[in-house]
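Input: a single structure, listed below in structure tokens.
The values are calculated or read from the model by the stated rules, or taken from the named source; none is laboratory data. Predicted, not measured: the structure shown is a model, and the values here were computed from it. Don't worry about glycine lacking a Cβ; one is built from the backbone with ideal geometry, like all the others, and counts go over all protein chains shown. When the accessible area is computed, the model is the full protein with side chains, heavy atoms only, and any ligands, DNA or RNA have been set aside. Shrake-Rupley method; radii C 1.70, N 1.55, O 1.52, S 1.80 Å.
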Amino acid sequence: MSQLPNIIAYQGVEGAYSHLSCRHVYPNMTAEACGSFVDAMFMVERGEAKLAMIPMENSTAGRVEEIYRLMPKTQLHIIGEHYEPVNHCLLGIKGTSIDQLKTISSHPQALAQCHDNIRNLGLEEIAGLDTAGSAFELSQNPDPTHASIASSLAAELYDLDVLQENFQDVDGNTTRFLILSKEQGMPALETEKTYITSLMFTVRNIPAALYKALGGFATNGINMVKLESYMGSGATKGASFHLDVEGHPDERFMRYALQELDFFTKEVRNLGTYETHPFRAENRPLPE
């Protein structure tokens, strides 16, 4: 891994929240923008980047479905996760005041998440391809009556003023990113730490296949934190799933659960085992 270029790839343009996540987690790596998730992931696959920072789900917008379809087409491994709070900033050109604004642009999801604040200011919405892209366009076409919604990093990169931070209507919007590597990087089991193991599997074409496949986790006290179905290849006769569980494959009860999963499935792939992000513990629901 040390021979690979010290680059972390992400989808989007400079100043995107994916770029911000790269800076927060790997400040000493060069973050390289890519036009698509495929480009970012295959930069790592080809050895042109050491890592990729890929969004998996957002607390408001839901899962990024494309990633589930792309992962089986690669041999990449998940070596970590990162939760990035989404702090939408109202940006304007230098010297602009809020009361001068008439129009505002950003990604449709960002506009929706700031709808009440936009309405209160009486601004006309203009949908763009992404948040950072709208900030870049504003910097290239300066207009004191126009604003964009993007990150504080976008403001820094494109020399714009932050007219208001936390412009979103509701706080708590967070994106979960996966950190992908060509090398597995399985951490050694340390009993004082907690882990997530991410699995992809295809069940056999038999009645109650999913119920039987997952039964081993219940009987062995393994907590399942995420289960998503996704479309496999056209030749696949059984359903395909992405599963996140709390545990490390070297733990005794996890070994038992994985053996049972293997028995009731046609194929199982361990995408990666990695330490849980502190965000999980901070936002764990209280027991009833």
Can you bin the chain into rounded, prolate or oblate? Criterion: square roots of the alpha carbon gyration tensor eigenvalues sorted a ≥ b ≥ c, rounded for a/c under 1.5, prolate for a/b above b/c, oblate for the rest. prolate
Tensor-based shape of segment 22-62 (alpha-carbon gyration tensor, a/c under 1.5 rounded, otherwise prolate or oblate): oblate
Work out from phi, with θ = phi - 60° and the Karplus expression 6.51 cos²θ - 1.76 cosθ + 1.60, the ³J(HN,Hα) of each residue of segment 51-57, listed in order in whole Hz, and give x for Gly and Pro. 9, 9, 9, 10, x, 9, 6
Amide H partners (placed H, <5 Å) of residue 239, local residues excluded: 203
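Taking 4 °C and 1.567 mPa s as the conditions, I'd like the Stokes-Einstein D for segment 5-124 in µm²/s, using the Kirkwood hydrodynamic radius from alpha carbon pairs. All intermediate terms of the calculation are to be shown ahead of the outcome.
Values: Rh = 16.2 Å.
Rounded, D is 80 µm²/s.
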Quotient of Cα radius of gyration and Kirkwood radius for segment 114-162, i.e. Rg/Rh, equals 0.94
Starting from the amide H of residue 164, placed 1.01 Å from N in the peptide plane, find each other amide H under 5 Å away whose residue is 5 or more places distant or on another chain. 90
If I compute solvent accessible area with a 1.4 Å probe over the protein chains, what percent of it on segment 124-218 is carbon and sulfur? 51
Nothing charged except the Cβ atoms of Lys and Arg (+1) and of Asp and Glu (-1): what's the magnitude of the dipole of the chain about its Cα centre? Round to the nearest 20 debye. 1180
Once phi for every residue in segment 150-161 is put through the Karplus expression 6.51 cos²θ - 1.76 cosθ + 1.60 (θ = phi - 60°), the whole-Hz ³J(HN,Hα) values, with Gly and Pro written as x, are 7, 7, 5, 5, 4, 4, 5, 5, 10, 6, 10, 8
Given the C-alpha atoms of segment 107-266, compute the convex hull and give its volume per residue in Å³. 210
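Taking N as the number of residues in segment 45-108, what value does Rg over Cα atoms divided by 2.2 N^0.38 Å take?
Details: Rg = 18.0 Å, N = 64, 2.2 N^0.38 = 10.7 Å.
Compactness ratio reported: 1.68.
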Can you give the calculated 222 nm mean residue ellipticity of the chain, where each DSSP H run of n ≥ 4 adds -39,500 (n - 2.57) and the sum is split over every residue, rounded to the nearest 500 deg cm²/dmol? -7500 deg cm²/dmol
Over the Cα atoms of segment 1-72, what Rg and Dmax result, in angstrom? 12.0, 38
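Hey, got the dipole for segment 1-147? About the Cα centre, +1 on K and R Cβ, -1 on D and E Cβ, debye to the nearest 20?
Details: 9 positive and 17 negative charges, 48 e Å.
Charge dipole, segment 1-147, about its Cα centre: 220 debye, nearest 20.
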Accessible area, 1.4 Å probe, largest first: how do 196, 126, 7 sort? 126, 7, 196
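Counting alpha carbon pairs within less than 8 Å and at least 6 residues apart, what relative contact order, in whole percent, applies to the chain? Walk me through the numbers on the way to the answer.
Values: 628 pairs, mean separation 60.5, N = 288.
Computed over the chain, the figure is 21 percent.
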Average accessible area per residue (Å²) across the chain - probe 1.4 Å, nucleic acids and ligands excluded: 49
